[in-house]
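Report on the following structure.
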Amino acid sequence: MIVAERKTIPELIEILKGQKKVLVLGCGTCVTVCLAGGEREVSIISSALRIASRLAGFSLQIEELTIERQCDNVFIEKAAEAIERNDAVLSLGCGAGVQAIAERYPAKPVYAGLNTAFLGILEERAVWTEKCVACGACVLHEYGGICPITRCAKHMLNGPCGGSREDRCEVLPDRPCAWQLIYQRLKGIGQLDRLKQIKPPKNWNASIHGGLRVIVREDHRI
Amino acid sequence: MTSDSRLEKILSRGDFAVTSECGPPRGADPEVIQKKGALIKDSVDAINVTDNQTSVVRMSSFSSCVILKQMGINPVLQMVTRDRNRIAIQSDILGAAALGINNILCLSGDHQKFGDHGKAKNVYDLDSIHLIQTVKQMRDEGKFLGGDDIKGKPRFFIGAAANPFADPFEFRVVRLAKKVAAGAQFIQTQCIYNLDRFKQWMQLVRDRGLHEKVHILGGVTPMKSLGMANYMKKMVPGMDVPDNLIARLKGVPKEKQADEGIKISVETIQQLREIKGVHGVHIMAIEWEEMVPGITQEAGLLPRPKVE
């Protein structure tokens, strides 16, 4: 899922300075699960903003609403009236949600209340870790299901680098070295031979470096 | 010969090679690198110039190599994949060759987190093994990575690094084999303090016959003090400093620790010379270049052989 983090209240006050009526809009999907932008966070952030804006000298009038999915027009429709009657929207959706709202309402200021961080999973209670950078050309089958592009700080395809010691990554010493995990996993499933081959340079064009990515399914277009 | 490198000539005729390194200055003054070069020029066969080591911005390895070259030194251009994509890398390879640089050490580089620009974006378009392949392809096939022909092939003696002390230990030799298969002709290892572990690794290297395909130069870094030894042990990733070495430095008065550090290095070099498959040493006297002549003298490595 998409994992995001809340911006701080001082940051949000800076962003919303000068606004009068703001809709704080939550999203019921990924960011609800990662405790960043669901109904509960909408309520907490709204209360905090009411107090903080008063202290900052521009009392915000805040309306709260959470829709099922901000990245989908069908659901955005359900926020239409609330969006119309406010001066601006503070979206607690991911980056896709914020932009979906902004595209739908060209005349309305839409601000991001979250920092969208990564595609990841819940590792343990209240701890999320990144698993995928969405590089557009998956190589997981080569590495025992552990992604060296996401989980190695140097994105090495022919790792490990010389810095790992006692299974730890030199860049993030509290995290295991991805290459140590790949090695153990491939050993465990009897596929160590995969690591003997030299993997060629990656085509980064399938990733963000090729410009905006668009997927068109001709077979599904009418 | 794949290049005009003095280092390649010395290694291919079977002489025990000595290389060292200079860290470029954090400024534009060429005299810093000239002074360091002059200090060690006659004690070694080639001098590496580090490429923004530990991700701290310094004068480029490329230009420092040119300065050394002008002094009659055979420089080794260290190049990391952290800061350049495949376009910049190939361009720099051509430029370096045009200026008479003929050794290259292919590295991934220290992560920017360790340096003075922690907010920088790293590149890592290629990894170190890809870099080796790139230089080899440009030299031997005369082709860019993109497939186009090169007019005027760059002739390089290709080097790579190996760390016998990092984990997973049993995979380290497999990785060395990959570097050799990619085109590495010489290897400079991480600093060796744990000789037992290094010998184990060399045994694995010989078991695979890699010592006959690549020249291995053992890395040696003299300890200036007990403080430095403790720092290397605890803070430097991928470094294996055994307790008995710490104890040995602890056992001498503070003002004698530097001498003891030099003595340890000389002994290490002597032991490395006895190991089958070790074809040279790479002395990294970090901001202590002035000790290199003494170390090489004591270790019986002088005078350095002449090359036509």
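The values are calculated or read from the model by the stated rules, or taken from the named source; none is laboratory data. Please read all numbers here as calculations on a predicted model, not as lab measurements. Backbone-built Cβ (ideal geometry, glycine too); neighbour counts: all protein chains shown. Heads up: the accessible areas ignore ligands, DNA and RNA and are worked out on the full protein's heavy atoms, side chains in. Shrake-Rupley method; radii C 1.70, N 1.55, O 1.52, S 1.80 Å.
Observations on the structure shown:
- Hits in the range B:82-127 - residues which are more than 20 Å from A:VAL171 (Cβ to Cβ), within 11 Å of chain A (Cβ to nearest Cβ) and assigned to a loop (DSSP other than H, G, I, E, B): B:ASN85
- All of (1) in contact (Cβ under 8 Å) with a residue 24 or more places away in the chain; (2) crowded, with 19+ Cβ neighbours inside 10 Å hold for B:ASP167 with one exception: (1).
- B:LYS179 vs. criteria modelled with pLDDT under 95 and either over 14 Å from B:VAL278 (Cα atoms) or open to solvent by less than 20 Å² (accessible area, probe 1.4 Å) (or both): no
- Options B:SER91, B:SER5: the member that is at pLDDT 95 or above and either farther than 18 Å from B:PRO305 by Cα or open to solvent by 60 Å² or more (accessible area, probe 1.4 Å) (or both): B:SER91
- When restricted to residues that are closer than 11 Å to B:ASN74 by Cβ and without any contact (Cβ under 8 Å) to a residue 40 or more places away in the chain, the range B:38-47 contains 2.
- Members of the range A:10-38 found to be surrounded by 15 or more Cβ atoms within 10 Å (Cβ to Cβ) and free of Cβ contacts under 8 Å to residues at least 60 places away in the same chain, listed by number: A:ILE13, A:GLY28, A:THR29, A:THR32, A:GLY38
- Those residues of the range B:101-131 which are more than 19 Å from the chain's Cα centre (by Cα) and open to solvent by less than 30 Å² (accessible area, probe 1.4 Å), in sequence order: B:GLN112, B:GLY115, B:ASN122, B:TYR124, B:ASP125, B:LEU126
- Matching entry among A:ILE215, A:ILE189 (being of a type in the set (A, V, I, L, M), under 28 Å from the mean Cα position of the chain (by Cα) and open to solvent by 40 Å² or more (accessible area, probe 1.4 Å)): A:ILE215
- In the set (1) more than 11 Å from every other protein chain (Cβ to nearest Cβ); (2) of a type outside the set (Gly, Ala, Ser); (3) touching a Ser or Thr at 6+ places or on another chain (Cβ under 8 Å); (4) buried (at least 23 other Cβ atoms within 10 Å of the Cβ), B:ARG139 fails one condition alone, (4).
- Single condition B:ARG155 does not satisfy, out of (1) among the charged types (D, E, K, R); (2) open to solvent by less than 10 Å² (accessible area, probe 1.4 Å); (3) in contact (Cβ under 8 Å) with a residue 60 or more places away in the chain: (2)
- Where helices (runs of 4 or more DSSP H) sit wholly within the range A:42-113, those with at least 3 residues that are at pLDDT 95 or above and surrounded by 14 or more Cβ atoms within 10 Å (Cβ to Cβ) occupy A:95-104.
- When B:ILE295, B:ILE246 are checked against the criterion of being touching a residue at least 24 places away in the same chain (Cβ under 8 Å) and hydrophobic (A, V, I, L, M, F, W, C), B:ILE295 stands alone in meeting it.
- One residue stands out in the range A:176-197 among those that are assigned to a loop (DSSP other than H, G, I, E, B) and more than 8 Å from every other protein chain (Cβ to nearest Cβ): the one that is farthest from A:ILE146 (Cα to Cα), namely A:GLN197.
- Residue match in the range B:253-262 (condition: within 17 Å of B:GLN190 (Cβ to Cβ), in contact (Cβ under 8 Å) with a residue 12 or more places away in the chain and surrounded by fewer than 18 Cβ atoms within 10 Å (Cβ to Cβ)): no
- Matching residues in the range B:162-187 - criterion: being within 9 Å of chain A (Cβ to nearest Cβ) and part of a loop (DSSP other than H, G, I, E, B): B:ASN163, B:PHE165, B:ALA166, B:ASP167, B:PRO168
- Members of the range A:126-175 that are assigned to a loop (DSSP other than H, G, I, E, B), within 13 Å of chain B (Cβ to nearest Cβ), within 22 Å of A:LEU192 (Cβ to Cβ) and open to solvent by 50 Å² or more (accessible area, probe 1.4 Å): A:HIS155, A:GLU166, A:ASP167
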